1. Select, from B:THR179, B:THR164, the only residue that is surrounded by fewer than 24 Cβ atoms within 10 Å (Cβ to Cβ), at pLDDT 95 or above and either more than 9 Å from chain A (Cβ to nearest Cβ) or more than 29 Å from B:VAL220 (Cβ to Cβ) (or both).
2. Tally up the residues in region B:101-135 that are more than 16 Å from B:LEU52 (Cβ to Cβ), within 14 Å of chain A (Cβ to nearest Cβ) and part of a helix (DSSP H, G or I), please.
3. When the residues of region B:31-56 are narrowed to those that are without any contact (Cβ under 8 Å) to a residue 40 or more places away in the chain and touching a strand residue (DSSP E or B) at 6+ places or on another chain (Cβ under 7 Å), which ends up farthest from A:SER92 (Cα to Cα)?
4. Being at pLDDT 95 or above and on the phi > 0 side of the Ramachandran plot is the filter here; which residues of region A:138-161 pass it?
5. Only one of these conditions is not met by B:THR145: (1) of a type in the set (Val, Ile, Thr); (2) closer than 23 Å to B:ALA304 by Cβ; (3) in contact with a helix residue (DSSP H, G or I) (Cβ under 8 Å, 6 or more places away or on another chain). Which number is it?
6. Based on what the data block shows, is B:PRO29 in contact with a helix residue (DSSP H, G or I) (Cβ under 6 Å, 6 or more places away or on another chain), surrounded by fewer than 24 Cβ atoms within 10 Å (Cβ to Cβ) and either closer than 26 Å to A:VAL85 by Cα or modelled with pLDDT under 90 (or both)?
7. What is the number of the single condition among (1) in contact with a His (Cβ under 9 Å, 6 or more places away or on another chain); (2) surrounded by fewer than 24 Cβ atoms within 10 Å (Cβ to Cβ) that B:ALA191 does not meet?
8. Cβ-Cβ below 7 Å, separation at least six or inter-chain, first residue in region B:184-195 and assigned to a helix (DSSP H, G or I), second not hydrophobic (A, V, I, L, M, F, W, C): which pairs?
There are 2 protein chains.
Amino acid sequence: MTPPPDAEFAYIEWLRSRTPPDARVLIGPGDDCAALAVPSPRPLLVTTDMLLEGSCFRLAEAGPRRVGRKSMAVNLSDIAAMAGVPLFAVVSVGLPRSMPRRVAEELYLGLRETADAFGTAVVGGDTNSWDGPLSISVTLIGQATERGPVRRDGAKPGDWLLVTGPLGGSILGHHLDFTPRVRESLALHEASPLHALIDISDGFAADLWHICEESKCGAVVFADRVPVSDAAREEAARDGRTPLEHALGDGEDFELIVAVSPTDGERLMRTQPVEGVTLSHVGEVVPAGLWIEEDGRRRELPPAGYVHRFG
Amino acid sequence: MTPPPDAEFAYIEWLRSRTPPDARVLIGPGDDCAALAVPSPRPLLVTTDMLLEGSCFRLAEAGPRRVGRKSMAVNLSDIAAMAGVPLFAVVSVGLPRSMPRRVAEELYLGLRETADAFGTAVVGGDTNSWDGPLSISVTLIGQATERGPVRRDGAKPGDWLLVTGPLGGSILGHHLDFTPRVRESLALHEASPLHALIDISDGFAADLWHICEESKCGAVVFADRVPVSDAAREEAARDGRTPLEHALGDGEDFELIVAVSPTDGERLMRTQPVEGVTLSHVGEVVPAGLWIEEDGRRRELPPAGYVHRFG
């Protein structure tokens with residue numbers, strides 16, 4: 001909000017010169033607001049995520065390009081979690097005064113290349129320097145498809161629960177380098193009416209529990225069918241917990257959990273219609289509780305993740 | 001982005017319980033995205049502003065309620081600067097870990113009461129705790145009226161330049177307590193086709209120069225017609241600069257500068273159609289340069305503001 005000093009003006013000019021024309025963008029960066037043509041009268045989808053140095057990433061470890069990518073990708077993942085189509089993004093940043101211009105440029109290029117990869121126009125933002133650590137806030141605007149947005153609250157007892165990829169250990173790099181499941185979500189929604197949908201940010205068990213809470217039901221997870229990532233095994237070897245514990249509890253996998261009818265679930269598992277992704281049938285919706293079934297025995301599954309923290 | 005600990009979950013629940021139902025909001029806070037029904041197929045207007053502790057405000061001086069109000073109001077002012085109607089807002093915050101819950105609540109109440117006053121639904125956000133200072137990012141979505149958005153680039157030589165209120169000295173409190181000129185902007189746009197429009201954030205001379213640059217023209221300001229605020233006089237008595245210098249240079253007045261045809265300008269000045277606001281005819285658009293006319297003499301007016309900084 002502070003009027004930018006000359007160095008910031010120069011950076012903002014650099015940003016503008018890198019903004020390609022887009023038929024949907026009637027007025028782009030440079031006026032008081034962007035003006036945008038929305039392709040259809042369908043509902044807008046809006047999400048915002050703030051990423052904070054030391055809390056969501058360590059800039060020195062991750063590098064600015066990957067931090068930029070993650071800042072955009074977590075928002076794209078939220079659009080995917082409603083089976084929506086991303087359209088427009090705005091980006092606000094608080095840059096530490098000591099940050100070299102080159103680092104700020106890399107940050108922006110990471111944001112932009114991720115937006116570009118998903119047909120998302122970066123239409124504006126607010127660039128500030130301050131004495132605090134790096135703070136990035138992205139707001140993404142998308143639209144539902146003709147089938148409408150998919151919420152968390154439509155799961156029914158008997159539904160099959162599917163996930164779109166291996167889980168756990170994202171701290172080793174996946175939390176920065178994941179591909180948001182935008183295309184996969186749209187392909188699934190096209191192939192089958194989805195009852196409930198969420199992306200895994202808090203952790204598989206925690207996010208499955210969000211579906212249960214909103215849908216007023218429970219779930220049972222089949223331990224032997226949970227796809228465990230190599231990173232989860234690596235983490236397990238290091239800390240003595242099991243790979244399964246990491247797969248169930250670690251945050252920021254950014255895979256999707258989907259609830260579908262048993263008929264659709266069986267068909268999706270047989271046809272595997274989503275290119276580049278192997279769907280796993282990891283559980284079923286039950287009337288109440290959160291359970292894990294292992295060696296024929298069912299026990300309670302705590303819904304809390306083993307949250308990794310940087311701060 | 002970090003999964004919230006229990007204290008944050010409780011705060012988020014408190015926020016949700018204070019979000020009233022709104023027919024335009026199909027899915028409100030609590031899912032991965034908000035889903036929103038847009039009233040018309042007219043272009044969307046989108047703006048985002050980030051307010052940073054120490055750089056845009058001092059929390060201890062201003063108090064959290066006013067900081068919340070300002071965070072929303074600066075975005076409303078950007079919608080006003082396009083003659084648009086505000087509709088929806090999302091709010092991301094990085095809260096210092098040491099901030100008491102009561103302070104975070106006041107911050108949110110300030111945001112909400114300002115949004116409410118302008119028919120703006122707060123539809124989502126992202127709440128984080130971190131080790132940095134307070135960081136707030138608001139994104140506002142609005143729509144143009146039937147007359148379309150008003151840009152900065154439509155001023156023509158001969159146009160009259162009007163402002164909506166007294167200028168200068170906002171540091172004494174106005175920069176926190178101003179009323180965004182949303183209603184005034186819509187009333188002006190209804191009364192007359194506006195050629196160019198901007199809100200004063202960087203300072204009158206600096207923002208007038210933005211209009212000139214975008215419109216590829218210049219402007220002359222009549223020194224004796226610039227409305228000087230009491231706060232500008234107070235600041236002048238303190239620092240030895242003139243009240244006019246403060247009116248021309250100080251930032252964050254959040255009044256509007258409007259360019260209209262001479263016929264419309266004459267009529268607007270005569271009829272003063274905007275309730276609660278006295279329009280001042282402060283200058284005219286000329287082919288090139290930025291000038292100030294005082295006692296019959298014209299001299300160059302530097303476009304840079306005397307920017308107040310907190311940091």
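The values are calculated or read from the model by the stated rules, or taken from the named source; none is laboratory data. A quick note: this is a predicted structure, and the numbers were derived from the prediction, not measured. Neighbour counts are summed over all protein chains in view; Cβ atoms, including those assigned to glycine, are modelled from backbone coordinates with ideal geometry.
1. So the residue among B:THR179, B:THR164 that is surrounded by fewer than 24 Cβ atoms within 10 Å (Cβ to Cβ), at pLDDT 95 or above and either more than 9 Å from chain A (Cβ to nearest Cβ) or more than 29 Å from B:VAL220 (Cβ to Cβ) (or both) is B:THR179.
2. Selection size over region B:101-135: 0.
3. The qualifying residue farthest from A:SER92 (Cα to Cα) is B:ALA37.
4. Result: A:GLY158, single match.
5. In the conditions (1) of a type in the set (Val, Ile, Thr); (2) closer than 23 Å to B:ALA304 by Cβ; (3) in contact with a helix residue (DSSP H, G or I) (Cβ under 8 Å, 6 or more places away or on another chain), B:THR145 misses (2) alone.
6. Yes, satisfied.
7. That leaves (1) as the condition not met.
8. Taking only residues 6 or more apart or on different chains, the pairs are B:GLU184/B:THR164; B:LEU186/B:THR145; B:ALA187/B:PRO273; B:HIS189/B:THR145; B:HIS189/B:ARG147; B:ALA191/B:PRO273.
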